[in-house]
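Enquirer: Before I ask anything, here is the structure I am working with.
What follows draws every value from the coordinates through simple rules; no lab data is involved. Predicted, not measured: the structure shown is a model, and the values here were computed from it. As a convention, Cβ positions derive from the backbone with ideal geometry for all residues, glycine included, and neighbour counts pool all protein chains shown.
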Amino acid sequence: MNEPPGVPKILIVDDDVGLVWWLGELFHEAGYQSLPALGGRQALALVRRNRADVDLLIVNPGLSGVPGLIETLSRRRSPKVVFIAGPRAGAIPGVHPVATLERPSGWEPISRFEWRQKLQGILKAVGFRAAS
């Protein structure tokens, strides 16, 4: 966590390491600090260990520990929440995401340009501007 102060932090939580890595790389290119985690408990440990205030949470709502993660983060500073849609994704009572990110299917080609546009749309929806 060697980013300059004031750089928005985006916590990405999903059990698909490839998706977490991909999103983190794209957000980093846009000038944001990404914090990757493969589950709710790992994300909470990461936030506590780094004393990080999360500005945006991109999360698979179907993972165990995610409701507790959101509740804990909301006590300090309520981050904006984006759900990753997919087969196991669902709703979390009381949590209203500002956007939903559709998980790519395993057979569909992934275009870096298209994903940058998707993420810019999410950043715009949550009121962030590209940092770089």
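Enquirer: Whole-Hz Karplus ³J(HN,Hα) for segment 95-105, in order, using 6.51 cos²θ - 1.76 cosθ + 1.60 and θ = phi - 60°, x for Gly and Pro?
Expert: 10, 10, x, 7, 7, 10, 10, 6, 5, x, 7
Enquirer: Near Leu26, within a Cβ-to-Cβ distance under 12 Å, what is the net charge of the other residues, with Lys and Arg +1 and Asp and Glu -1?
Expert: Residues close to Leu26 contribute a combined charge of 0.
Enquirer: Looking at the chain, which longest stretch skips every one of the trypsin sites (Lys or Arg not before Pro) that is in a DSSP loop with at most 15 other Cβ atoms within 10 Å, leaving the sites themselves out?
Expert: Answer from the scan: 1-50.
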